[in-house]
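Here it is: the structure, laid out below.
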Amino acid sequence: MKRAVVIVLLLAILGGLGGLALPLSNLLAGLPKNNSLLAAKSGDPVTDRALDILGKKCVNCHTAEYVLPYYARFPVAKQIIEMDIRLGTEYLNLQDALCTPGQQASEVVLAKNEYVIQQGTMPPMRYLALHWNGALTAEEKRDLQTWIVETRKKHYATPGVPAELAGQVLQPLPKSHQENPAKVALGNKLFHDKRLSKDNTIACASCHGLDKGGTDQQQFSEGVGGQKGDINAPTVLNAGFQFIQFWDGRAATLEEQADGPVNNPIEMASNWPEAIAKLQQDQEFTQAFHAVYPAGYGKETITEAIAVFERTLITPNSRFDAFLAGDKSALNAEEQAGHALFLKHSCATCHVGKLLGGQSFEKMGRKGDYFAARGTPAAKPDFGRFNVTGKESDRFKLKVPTLRNIAVTFPYFHDGTAKTLTEAVEVMAQFMVGKKLPASETAAIVKFLETLTGEYEGKPLK
């Protein structure tokens, strides 16, 4: 009570000095006391402590539950505050990420929090200038870091990884799978079966060649009748670790994804009754299919078999995997420097985990207008997640691609406009990080990315 009286007196005395009155008014108001982050309870004391910190120190710019100060009515202040909230929620919406019961913080949420803690960049100085009690204390930083590491160890570490490495932002790929061999065999055949297309010319493997990094290494894939798609075919390798499928996330699972191309008029231009009728004419395959799926052919059974096969397309044993597992000699000096730069320039805040990506949607062009620089107007494929949700905040947000085997999955980006890794790194630095990197740093990052090429069926990808 005495503290409040003192602050009120100071405000009265310094009322004419607006530069002090504003932060003092925020100090009097105190930290946020009622929001979904503070109300959320996980039952885990480490997580609940993190939610408490985030609910008090980050809620004003990283959720929709901000409480505007009285001076937000002033024209200039209003614009600055609204910009901070828009940029903050665009980068990381903690309300969406942490307030669903039973939901774990994603690897991206953990990585973004870890990065700003390590760099000391959040809250930004313009916020702290008006919120003197808004900075994270040393104890709060330690508690958040503990939460980040413990969550990774519990939920995201690759099985068998050494304990001291389990809390890292990047993880090695597992070396094996537990899928049903009989279903895998059927899925393999279906993945390569052109009878799923209308004119028997296109198979899944046509656009996702296992000898081409799980892609076709083309800007846009060619479908039935020579038709061209309008978005770059993502790799199918390691797709089982993606948090959702397609650039816009319109398929929640690999099973849903496998249903799409057959019905797409530009890709396979067919439908399930038509494809099944052709499969039924193959007595040997039909007998094998019924032995595994007694219910017989159907959209559900066929897509499940394909999805099961796709979950086996793991490419472990890259040199970077060996490095992550503790073999520091697996990378040379330049490659290690590239890895360090990859972390320094915040690449690992989106390219996280086992896949180095595939765990979030991010706006293409956070630090500049990518589409204006590209030279062609933004069109529907560029709208990304917006095409699924209809939310304006999702416009231009695309699923972050995996960087696994990136050296053999050219060209790059959803629009396939970057032909080389050097070009891709330069564009990402400019439009996602807001930096122009020295040529030496770009080259080192490229050398690091080349160490992410793994093996399929015991043979290095080329």
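The values are calculated or read from the model by the stated rules, or taken from the named source; none is laboratory data. Fair warning: this is a prediction, and the values are worked out from it, not measured in the lab. All Cβ positions, even for glycine, are placed from backbone atoms using ideal geometry, and neighbour counts span all protein chains on display.
Restricting attention to the range 257-271, does a residue exist that is in contact (Cβ under 8 Å) with a residue 40 or more places away in the chain, of a type in the set (Ser, Thr, Tyr) and over 18 Å from residue 399 (Cβ atoms)?
Within the range 257-271, one or more residues are in contact (Cβ under 8 Å) with a residue 40 or more places away in the chain, of a type in the set (Ser, Thr, Tyr) and over 18 Å from residue 399 (Cβ atoms).
Would you check if there is a residue in the range 112-119 being within 13 Å of residue 47 (Cβ to Cβ), in a helix (DSSP H, G or I) and not hydroxyl-bearing (Ser, Thr, Tyr)?
yes
Please go through the range 241-271 and give me each residue that is out of contact with any strand residue (DSSP E or B) (no Cβ under 9 Å at 6 or more places or on another chain) and crowded, with 18+ Cβ neighbours inside 10 Å, ordered by number.
255, 261, 262, 267, 268, 269, 270
Here's something else I'd like to know. So, in the range 206-228, how many residues would count as being among the small types (Gly, Ala, Ser) and surrounded by 19 or more Cβ atoms within 10 Å (Cβ to Cβ)?
5
Conditions tested, residue by residue: (1) free of Cβ contacts under 8 Å to residues at least 40 places away in the same chain; (2) surrounded by fewer than 19 Cβ atoms within 10 Å (Cβ to Cβ).
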site	(1), (2)
76	yes, yes
90	no, yes
106	no, no
126	no, yes
141	yes, yes
144	no, no
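Assuming residue 305 fulfils every condition listed in (1) within 30 Å of residue 162 (Cβ to Cβ); (2) touching a Phe, Trp or Tyr at 6+ places or on another chain (Cβ under 8 Å); (3) buried (at least 22 other Cβ atoms within 10 Å of the Cβ) apart from one, which condition is it?
The one condition residue 305 does not meet is (1).
Something else: Which number in (1) more than 25 Å from residue 353 (Cα to Cα); (2) among the small types (Gly, Ala, Ser); (3) within 32 Å of the chain's Cα centre (by Cα) marks the one condition that residue 252 misses?
(1)
Before we move on, is residue 351 closer than 24 Å to residue 169 by Cβ, of a type outside the set (D, E, K, R) and in contact with a helix residue (DSSP H, G or I) (Cβ under 7 Å, 6 or more places away or on another chain)?
No; evaluated as a whole, the condition is false for this residue.
Now, a different point. Which residues, counting only those in the range 124-157, are assigned to a loop (DSSP other than H, G, I, E, B) and either touching a strand residue (DSSP E or B) at 6+ places or on another chain (Cβ under 8 Å) or under 13 Å from residue 169 (Cβ atoms) (or both)?
Listed by number, the residues that qualify are 156, 157.
Out of curiosity, is residue 200 modelled with pLDDT of 95 or more, part of a loop (DSSP other than H, G, I, E, B) and surrounded by fewer than 18 Cβ atoms within 10 Å (Cβ to Cβ)?
yes
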